[in-house]
Each structure stands twice: as structure tokens, then as C-alpha cells.
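Notes for the one structure printed next.
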Amino acid sequence: MPEHTMSNDKKEYDVVIVGAGPAGLTAAIYTSRRAMKTLVISKDVGGQIALTDDVENYPGFNSIGGLELAQKFMEQANKTGAEMLFEEVCGINQDGKEFIVSTSSNRQIKTKTVILAFGLTPRNLDVPGEKELTGRGVTYCATCDGPLYKGKDVVVVGGGNSALDAAEYMSKIANQVYLLVRKDKFRGEQVLAQQVHDAKNVTVMFNTATTGILGKDRVEGLTYEIDGGKKGELKIQGIFIEIGHVATTKWLDNLGLELTERKEIKITEDCETNVPGIFAAGDITQITYKQAVISAGEGCKAALQAYRYLQGDKPLLPDWTPKK
Ligand code: NDP
């Protein structure tokens, strides 16, 4: 259990941060160091980074497990005094200049500002069988579920870094991995593509679209179609769908937030949304590069801007440091 957990629903917060990935937890470190009463609400710790097996591009660490990195962020946020609540946020309503945040267990939490940092949601393939067999052989996270497929034959769908990462990871666990890429090339990095190429038990199938997932109680196979119309079937026990993410922001419609065409939250350079008092950071915003280190930086900006918003024209206080 985290060091600081929420103790009293009646409390009013200076800031509620939605999401505990690199953006949300960095924001929490900065807001609590500015002595802002901070509550982080999230379904889990770390968001996408926690699902990454090995992070090799976060400065300061040559290589670190994603979950371990996320836990380090959380320890630091806890140490500076941020409170944590592990629930789903269901709605946010404006109450004069303030906000009421509602959670899945019917808590109503009052706050002066909000930082939205809840990241993206895995994209569905939208093929027959996917919904029915999700959790029964269909998965969206190789790092979480990979070990369940030891010695089995599996498919990874996608051509970006996530799919390449998943295929390489699964090559060490599964008997045979098929990587189904809908185009004739990868979108991911060369270094990851080379690792997949070097793995003996990965078969890459380019120009191949997944058309259906087969199985009664569990996944038993997959149907595909190659450009030009040739159809085929693979006998497999698991399918890892790694085809990117979508922004799930519909639940915020009542706030009148400006969104991009892709439904990401539009922010200024300083992470302000068009609604005064609401800030956003990380992958859920329109930033081009969805990377952990960038999200952390954006979280910092959102926190400092929320602090500035609360301070008005008064001079900014220096960072607050916890007493030893
Ligand atoms: P991307 O958006 O980069 O790639 C999505 C892939 O899925 C593309 O190849 C796309 O094909 C394919 N795709 C999309 N829809 C379908 C569909 N319906 N059927 C079949 N294929 C489909 O997403 P990722 O999750 O791979 O990466 C997201 C971000 O996270 C990137 O910025 C990435 O660099 C980063 N990341 C970095 C890692 C690392 O550095 N080790 C690890 C994992 C992620 P098409 O190309 O045809 O559009």
C-alpha cells in the first residue's frame, strides 16, 4: 500500500491528477513540492510504461523494467506528500471556479484544479471473435500475459515498436511467433526490427490483415487475408494485439474541452486546456512524440502552470522540501 493514501472524502484538494503514468506522477512530485494539496487518482500505477518489459531510453537508466521505473516515480510522489487513490474517475463537473471529481466507488472529490494525464487506451482490431475471446487468448499486453503462453504458438498483430517489442519478447517464451503486419514494412525502429529478424522462431508476414479470431472457449486460431486476396488460417493459442492506442475522452464531453480530430486534448505550450483550472499532460494530449521522458516533462509543465494559476499574480514560492 502506498505511504500516503486518501483518508477523508470531505477534504478539498488544490489539485487532482487523473492518471499515474510518467506525466501524472511527475506532476504530483512538482505540485506536492510546491505544497499544493495533491491527490492522484488512477486505475493502476505507471500506465503504459508499467507494461513495458525493458525501458532503455529513459535517461539515467541504461535499462530498467517499466514497472520498476513506475514504482520509483510513485515512491518519489509519495515521499513529497502526494496522496493516491486507486479507482477509476467516472466524471468531472465544474462547480463555480472549482471541480467535483467522481469516482467508480461514488466518491465526490472537490478540487481547485485538475491535471488530466490518463494516457491512451489500446486500439481494438474490430474483427469477429475479438470481443468474445478477450482475456481467453486475446490480449493487449505481451509483458503482462506473455508468460501464460510458454511453449505455445502465438500471433502478434502490428508493425510499430509495441508489436516488435512484443514479438521479440514472445520469441523467448513461445514455441512459434507469427508477426502479422498489414503493410509491406514496419513502422517501428530498425534496431527492434533487427532483433525480431534475429529471433529464430519469429515468422514475419507482411501485407497480411487479420480477418477473424477463431475458438469456442479459448483462442484456437486466426484467419487472415494477404494483399491480392489469398486467404489463410493459423492454428494458435494466443493473439497479442499491439496496434497502437486511441484517446478515450468522450466521458469529458460535459466540460467543453477542445479536442483534436483524434480526440486528444488540445493544450497550450504550458499544458493549459481551454477550460481555466484544467490542465493536461502526456499521451492524452496532442503532443507528437508519445514517449515516457516527454510525458514526464509535460507533467512537470502542467504542475507548474497549475501552481501559477492558483497563485494568480502573487510571486511564486520556491520549491518546498520535506523535513528529514
Ligand atoms: P504505432 O502507432 O507506432 O503503430 C501501430 C501499428 O499498428 C502500425 O504498424 C499500424 O499499421 C498497425 N495497425 C494499426 N491498426 C491496425 C489494424 N487495424 N490492423 C493491423 N495493424 C494495425 O503504435 P505502437 O503501440 O507500436 O507505438 C506507440 C508509441 O509508443 C510509438 O511512439 C512508439 O515508438 C512507442 N513505443 C516505444 C517503444 C520502445 O521505444 N521500445 C516500445 C513500445 C512503444 P500501419 O503502419 O499500417 O498504420
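The values are calculated or read from the model by the stated rules, or taken from the named source; none is laboratory data. Just so you know, these numbers come straight off a predicted model, no measurement behind them. Virtual Cβ from ideal backbone geometry, glycine too; neighbours counted across all protein chains shown. What goes into the accessible areas is simple: the full protein's heavy atoms, side chains included, and nothing from ligands, DNA or RNA. Shrake-Rupley method; radii C 1.70, N 1.55, O 1.52, S 1.80 Å.
Pairs are defined by a Cβ separation below 8 Å, a sequence spacing of at least 6 or placement on different chains, a first member in the range 102-124 that is at pLDDT 95 or above and assigned to a strand (DSSP E or B), and a second member that is open to solvent by 60 Å² or more (accessible area, probe 1.4 Å) and basic (K, R); the pairs so defined are K112/K97. Just a yes or no: is a residue in the range 218-229 under 30 Å from T288 (Cβ atoms) and near the ligand (Cβ under 10 Å from one of its atoms)? Checking the range 218-229: not a single residue is under 30 Å from T288 (Cβ atoms) and near the ligand (Cβ under 10 Å from one of its atoms). Counting only residues that are touching a helix residue (DSSP H, G or I) at 6+ places or on another chain (Cβ under 9 Å), more than 10 Å from the ligand (Cβ to nearest atom) and in a strand (DSSP E or B), the range 233-248 holds 3 of them. Taking (1) touching a helix residue (DSSP H, G or I) at 6+ places or on another chain (Cβ under 7 Å); (2) at pLDDT 95 or above in turn, T139 satisfies each apart from (2).
Kindly evaluate G46 against the criterion of being open to solvent by 70 Å² or more (accessible area, probe 1.4 Å) and among the small types (G, A, S). No, not satisfied. When the range 54-101 is limited to residues that are small (G, A, S) and in contact (Cβ under 8 Å) with a residue 12 or more places away in the chain, the one that is nearest to the ligand (Cβ to nearest atom) turns out to be G66.
Here are some residues: N201, N207. Which one is at pLDDT 95 or above, surrounded by fewer than 17 Cβ atoms within 10 Å (Cβ to Cβ) and in contact with a helix residue (DSSP H, G or I) (Cβ under 7 Å, 6 or more places away or on another chain)? Lay out the reasoning, then the answer.
Numbers: N207 fails: in contact with a helix residue (DSSP H, G or I) (Cβ under 7 Å, 6 or more places away or on another chain).
After ruling out the rest, the residue left standing is N201.
If the condition is being more than 9 Å from the ligand (Cβ to nearest atom) and within 19 Å of P122 (Cα to Cα), then the range 155-197 contributes V155, V156, A167, Y169, M170, L179. Among the residues of the range 98-120, write down those that are over 13 Å from A306 (Cα atoms) and either open to solvent by less than 20 Å² (accessible area, probe 1.4 Å) or under 23 Å from the mean Cα position of the chain (by Cα) (or both). F99, V101, S102, T103, S104, S105, I109, A117, F118, G119, L120, listed by residue number.
Regarding the range 25-47, can at least one residue be identified that is of a type in the set (A, V, I, L, M) and within 16 Å of the ligand (Cβ to nearest atom)? Steps first, please.
In the first step, residues of the range 25-47 are kept if they are of a type in the set (A, V, I, L, M); the result is 25, 27-29, 35-36, 39-41, 45.
Now restrict to residues that are within 16 Å of the ligand (Cβ to nearest atom): none.
Scanning the range 25-47 turns up no residue that is of a type in the set (A, V, I, L, M) and within 16 Å of the ligand (Cβ to nearest atom).
Scoring F240 on the criteria (1) within 19 Å of I17 (Cβ to Cβ); (2) surrounded by 21 or more Cβ atoms within 10 Å (Cβ to Cβ); (3) touching a Ser or Thr at 6+ places or on another chain (Cβ under 7 Å) leaves a single failure, condition (1). Within the range 249-259, the only residue that satisfies the criterion of being open to solvent by less than 30 Å² (accessible area, probe 1.4 Å) and among the polar types (S, T, N, Q) is T249.
Restricted to the range 131-213, the set of helices (runs of 4 or more DSSP H) holding at least 3 residues that are under 21 Å from the mean Cα position of the chain (by Cα) and in contact (Cβ under 8 Å) with a residue 40 or more places away in the chain comprises 142-145, 161-171. Taken over the range 157-170, the residue count meeting the criterion of being surrounded by fewer than 21 Cβ atoms within 10 Å (Cβ to Cβ) and modelled with pLDDT of 95 or more is 1.
Checking the conditions here, which among V246, V219 is in contact with a strand residue (DSSP E or B) (Cβ under 7 Å, 6 or more places away or on another chain), within 26 Å of A163 (Cα to Cα), surrounded by fewer than 21 Cβ atoms within 10 Å (Cβ to Cβ) and in contact (Cβ under 8 Å) with a residue 40 or more places away in the chain?
V246
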